[in-house]
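Just below is one structure, and these are the notes that go with it.
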Amino acid sequence: MPQRPRGTRDFLFDEMKERKQVEDILRKVFETYGYQEIKTPLFEDLNLFTMKSGEGITGQIYHFQDKGGRDLALRPELTAPVARLYINELQKKSKPLKMYYFGSCFRYERPQKGRWRQFWQMGCELIGGKSPDCEAEIIAMSAHCLEELGLENFEIHIGNLGIIRGILDGANVAKEKQDQIMAIIDKGEIDELKSTLNTFDIPPKTSEILLTLINMQGHREIIEETSKLVAENENSFKAVKELEKLLDILEAFGFNKYIVNLGIARGLDYYSGVVFEIYVHDLGAQKQISGGGTYNLIELFGGGEVESTGFAFGFDRLMECVRLCGAGKTLPKTVDVVVAPISKDEKLKAVEIAQKLRRHGIKTDVDLMGKKLKKILSQADSLGAEHVIMVGERDLKENKITIKNMKSGKQELLYLSQLLSYFK
RNA sequence: GCCGGGGUGGGGUAGUUGGUUAUCCUACGGGACUGUGGAUCCCGCGACUCGGGUUCGAAUCUCGGCCCCGGCCCCA
C-alpha cells in the first residue's frame, strides 16, 4: 500500500471547506488594505535560502538536483521568494508595494502538534514603505485578521532588534557574534547568554544592560524605562523612540492590546528593526501563529536599499485556533438539489433537468448509478440536499415533475416550465 | 537528531498470565418494501502496521523498520 510521506496530510471535504473559509476571510482583510495577491514557484535556487536565512532554517531545507545539475530547494518560507520576485519584476514600480500570498512551504523537521513538513503560510509584504507607519499597518492588519476570524485569546508581542543591535555595535561586537547572541536571546536561555557574553569579552556594563533589556516586557511604560537604560547609546535610543512612535500609530489604527517585549529576536537573520510575534497559548508547544518584522533582505540580495516589512500566519496553526475556539462557521452544503430518475427510462430527462439547474447556479446532483428511489432519497438526506426532484413516467406524461422538500417532507407537482421559478 | 506513549475492518472500539470461528457500534452493499428518505429487522462486506525472532501455536512475548501522538532542539 502506498503511504503518505511523513509529516504531510490529506485534506478531506469538510476540512477543505473550513480552510477555504478562513482563507477567504484573510484574503478579504488583506484586500481591504489594498494588498494584491502574488504567487511564486514552489521551488527556487537553493542559494536563495542559504544565503541569508540563518543556520536554523538551512539545515531543514528539502534540496535536490534537477537533471541539469541545478541545486534547487523546496521553499522553506516565503519572504525570500517575494524579495526575489520584487528584484526580478517590480523594482521600478512606485512604492510602497503591497502584496500577499498563500502557499505551502516545506521543512524537514520532526513532525508534532502544529508542525508539519508541508505547511501553509499566508502573509503580506509591504515593500518600500517607511517605518514605523508601515510596521503599524502590518501589525494592525494581522490583529484585524484575527478579530475577523472571531479569535480573542491571542497576544501580540512587539520588539525592536535595533535596540539590542545598537548596544552590541556600541561595544564593537562583530556581526557574526551578534547573530550568535541574537539566536541565544531568541531561545530565551539566560544562563547560556551569560556565559556567551563572557566568552566574547563583552564589557560587564554592556552585558548588564543586555540582560535587563531582554527581560523588558509590558505595555507603554516599558518605553520610558528603556529610554533611560540606553540613553547613552545613540542608535539604541533612536530605536526606542521609533518603537514609541510605532505604538502611537498602532493606537491610531485602533489597536492597543499589544505587549512590548524586547526579548523577541526571530529565528531568521535578515530581520533588522521592528519585529513581532503572535502567540496563542492554548495551542501548546507550537503556540506562535504568526511572526514578522522589518528586514533588509532586498539589499542583501543586491536590490538596493528598500525598507520592507512583512509577516505571515502559520495557516495550519491558525486553523487549529479556529477549531479550538469553535469559531468555525457553518459549512456550505454539498448540493442543494438531487434529481432522481424513478426508473432507467427517465435517466436522460433527469440529466437534462440537472443541467438546466446547474446553468442557473444551483448545486445539483443527479443519480448516475441507476439506484432505487429510496436509496437516492436516503443519499440526498445525508448530503443535506434541500430538495429532491423526482422524475417519473406518470408525471412526465403531463409534462410535470414532483419536487420534494426534504425538511418538511411536503411535495408538489410542478410543470417542467415552472421549475426554475420555483427556486427564485 | 533526542526522549516518552501508541498502531485491531473505511471511521470508532473490545480482546494481551500466548490457545478454536477476533467483539460491538458506525459507514457501505443487498433485501423485507419494484414511485418516497431520516425508523426497525434480516443478510452481506471488511481488520490484528510491516519484517525478523521465541513457540507445537503470536493481535498478545521479543527485536528492528515505518507511521501517528506528546515533548526537547528548532521553528510557522
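The values are calculated or read from the model by the stated rules, or taken from the named source; none is laboratory data. Keep in mind that this is a model prediction, so the values were computed, not measured. In this analysis, Cβ positions are derived from the backbone assuming ideal geometry, glycine residues included, and neighbour counts consider all displayed protein chains. Side chains included, ligands, DNA and RNA excluded: accessible areas come from the protein's heavy atoms. Shrake-Rupley method; radii C 1.70, N 1.55, O 1.52, S 1.80 Å.
Given a cut-off of 25 Å, name the pairs among A:K347/A:K404; A:K371/A:K407; A:K372/A:K410; A:K20/A:K349 whose C-alpha atoms lie farther apart than that in the structure shown.
On the way: A:K347/A:K404 18 Å; A:K371/A:K407 22 Å; A:K372/A:K410 20 Å; A:K20/A:K349 35 Å.
As for pairs spanning more than 25 Å Cα to Cα, those are A:K20/A:K349.
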Say we join alpha carbon atoms closer than 10 Å with springs in a Gaussian network model of chain A; which of A:V280, A:V351, A:V240 then has the biggest fluctuation?
-> A:V351
How far is the Cα center of the stretch A:244-294 from the Cα center of the stretch A:345-392, in Å?
-> 52 Å
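May I ask you to give the percent of accessible area on chain A that is carbon plus sulfur, with a probe radius of 1.4 Å?
On the way: 10810 of 21980 Å².
C and S atoms contribute 49 percent here.
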Per DSSP H run of n ≥ 4, the term is -39500 (n - 2.57); total these for chain A, divide by its residue number, and report the mean residue ellipticity at 222 nm rounded to 500 deg cm²/dmol.
-> -12000 deg cm²/dmol
Please identify, among A:L168, A:L12, A:L247, the residue showing maximal mean-square fluctuation in a Gaussian network model of chain A using a 10 angstrom Cα cutoff.
-> A:L12
What is the calculated FRET efficiency for A:K333 to A:D179, with r their C-beta to C-beta distance and R₀ = 56 Å, to the nearest 0.05?
-> 0.60
Between A:L12 and A:E208, with labels modelled 7 Å along Cα→Cβ, what's the label distance in nm to one decimal, could you check?
-> 6.3 nm
The stretch A:195-226 scanned against label point 7 Å out from A:D169 along Cα→C-beta; backbone N under 17 Å for A:210
A:Q112-A:K363 pseudo-label distance in nm [points 7 Å out on the Cα-to-Cβ vector] | 3.8 nm
Row for the stretch A:337-422, column shape: gyration tensor on C-alpha, a ≥ b ≥ c, rounded if a/c < 1.5 i.e. under 1.5, prolate if a/b over b/c, else oblate; value rounded
Hey, can you find the accessible area per residue of chain A for me, probe 1.4 Å, expressed in square angstrom?
-> 52 Å²
With a ≥ b ≥ c from the Cα gyration tensor eigenvalues, square-rooted, and the rule rounded for a/c under 1.5, otherwise prolate when a/b > b/c and oblate otherwise, the stretch A:17-152 is oblate
Classify chain A as rounded, prolate or oblate from the Cα gyration tensor: take a ≥ b ≥ c as the square roots of its eigenvalues, call it rounded if a/c is under 1.5, otherwise prolate when a/b beats b/c and oblate if not.
-> prolate
One finds, for A:Q60 and A:S94 with R0 = 41 angstrom and r their Cβ-Cβ distance, a FRET efficiency to the nearest 0.05 of 0.65
Leaving ligands, DNA and RNA out of it, work out the accessible area of A:S195 with a 1.4 Å probe and give it in Å² to the nearest 10.
-> 60 Å²
So how far, in whole Å, is the C-alpha centre of the stretch A:114-175 from the one of the stretch A:4-41?
-> 20 Å
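Test of the criteria: in the stretch A:298-389, which GluC sites (Glu not before Pro) are in a DSSP loop and have at most 10 other Cβ atoms within 10 angstrom of their Cβ?
Working: sites: A:E299, A:E305, A:E307, A:E320, A:E346, A:E352, A:E386; in loops: A:E305, A:E307, A:E386.
Loop-located and lightly packed - A:E305.
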With all protein chains present and a 1.4 Å probe, how do A:R75, A:R358, A:R9, A:R394 order by accessible area, largest first?
-> A:R394, A:R358, A:R9, A:R75
